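Data first, discussion second: the structure below is written as structure tokens.
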Amino acid sequence: MRLVVCFPGIGYHCDKPLLYYSRRLARADREVLVQYAYQKPGLRGNPAALRTALDALYAQVEPQLADVPWAAYDEVVFLAKSIGTAVAAAYAQRHGIACKLVLYTPLEMTYDFAPKNALAFLGTADPWSDVPAVIAKAGKALYLYPGANHSLECNDVAKNLAVLQDVMAKTRQFLCPAAAVTAAEMKALEKAADAHGLLYPQMMENAGRAAYRELTRCCPAPGRLLVVAGKGNNGGDGFVIARLAAADGWRVQVLLAEGAPQTRDAAANYALLPALPVELVTDAAAVKQADVVVDALYGTGFHGSLRPAGAAACAVMQAQRQAGALVLAVDLPSGVHADTGDAAPGTVQADITVTFHAPKPAHTRAAALCGQVIVADIGIHAVL
């Protein structure tokens, strides 16, 4: 049985979008909606006043939750917004409750209570949060949205809807993670999706776009991008990323690590690059230092040991990361077997791994090499 407890903000009640939709996604067997009131002004930008407010709100919460039989539930979820994130984290810590914490627009003081098993969402233009401090304390368990305010919104309705959709997709994956599928099962799912009208080229486009969205979420300002592309469909995903990045003003270099693409869909996307400001290279010695490196070398297709060209490409990516570049792996870091999680000598260390439709066994078995794992929807759920 699942218990869901909702901790609102001051003025952001449980029926506002972030909490309303996350409550629907959580599928609670029992739901508790915490209520509290606080009228004193002058909270924004005033840590001492916020701490006073937290103490007052926490005192209101204790009696509301005093009779909850926590041990009767298999799973406990705390959904929280704004100062409610600090209330939720404090309650979980002080009562030793093992729960999943979803923190929408957390405050710096939320992390004074060392929230465990938590996922957080924050806008870079949030006037209530000390954004750099939250980033430093939250680490990888934080999704940032450029230009978004304390409601994860800006003045563009279309962007607001896209952000809400993305936040809820990540919330759903956190609360109700999809079962892992093997490489062979994923191929079968793609084949079935293609037969149902979601064609392979569209899946490649969707995958590349999903990975690029995560890239720009982490690095919103265009900079220097290196795409290390293999000769299969993982490389094709990388070509989509290169095309989108070039159109957005990134300085893009593509390393064809093992030569020209050998699959039809990858070749079709590669053919679009010469018309764009994309530098194509085949010699690792010609690679320039980048801000972001996309590992689109092997994905789920790797097994055995790295071939010489692949090992050289992995060494380039590792050197780039050591020099400060963020490494985003498409599906899996190159050198990791999708099913077993076995890693060949020279395997890439990723900071972020974007995989598609469902996690693969290696995302758990080789978690340390994957960094933050993001499961992106590429349309398969809609057709199967």
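The values are calculated or read from the model by the stated rules, or taken from the named source; none is laboratory data. These figures come from a predicted structure and were not determined experimentally. Every residue, glycine among them, receives a Cβ derived from its backbone with ideal geometry; neighbour counts consider all protein chains shown. The protein model used for the area step is the full one, side chains on, heavy atoms only, and it has no ligands, DNA or RNA in it. Shrake-Rupley method; radii C 1.70, N 1.55, O 1.52, S 1.80 Å.
Quick check, is Ala315 modelled with pLDDT of 95 or more, of a type in the set (A, V, I, L, M) and part of a helix (DSSP H, G or I)? Considered against the rule, which asks whether it is modelled with pLDDT of 95 or more, of a type in the set (A, V, I, L, M) and part of a helix (DSSP H, G or I), Ala315 comes out as yes. Scanning region 369-382 for residues that are closer than 24 Å to Val316 by Cβ and open to solvent by less than 10 Å² (accessible area, probe 1.4 Å) turns up Cys370, Ile374. Here region 262-280 is the region considered, the condition is being part of a loop (DSSP other than H, G, I, E, B) and either open to solvent by 20 Å² or more (accessible area, probe 1.4 Å) or aromatic (Phe, Trp, Tyr) (or both), and the residue that is nearest to Leu225 (Cα to Cα) is Pro277. Total residues in region 318-342 satisfying the condition of being assigned to a helix (DSSP H, G or I) and touching a residue at least 60 places away in the same chain (Cβ under 8 Å): the figure is 1.
For first residues located in region 292-306 and touching a residue at least 60 places away in the same chain (Cβ under 8 Å) and open to solvent by 10 Å² or more (accessible area, probe 1.4 Å), partners that are assigned to a loop (DSSP other than H, G, I, E, B) and of a type in the set (Asp, Glu) and lie 6+ apart or on another chain with Cβ distances below 7 Å form the pairs Thr300/Asp331.
Inside region 218-231, residues that are of a type in the set (Gly, Ala, Ser), modelled with pLDDT of 95 or more and open to solvent by 50 Å² or more (accessible area, probe 1.4 Å) make up a count of 0. For region 327-368, a residue qualifies if it is under 17 Å from the mean Cα position of the chain (by Cα), among the aliphatic types (A, V, I, L, M) and open to solvent by 40 Å² or more (accessible area, probe 1.4 Å), and the qualifying residues are Ala367, Ala368. Scanning region 18-39 for residues that are closer than 16 Å to Ala86 by Cβ and without any contact (Cβ under 8 Å) to a residue 60 or more places away in the chain yields a total of 3.
Taking the numbered list (1) farther than 18 Å from His150 by Cβ; (2) under 29 Å from the mean Cα position of the chain (by Cα); (3) without any contact (Cβ under 8 Å) to a residue 24 or more places away in the chain in turn, Asp15 passes all entries but (1).
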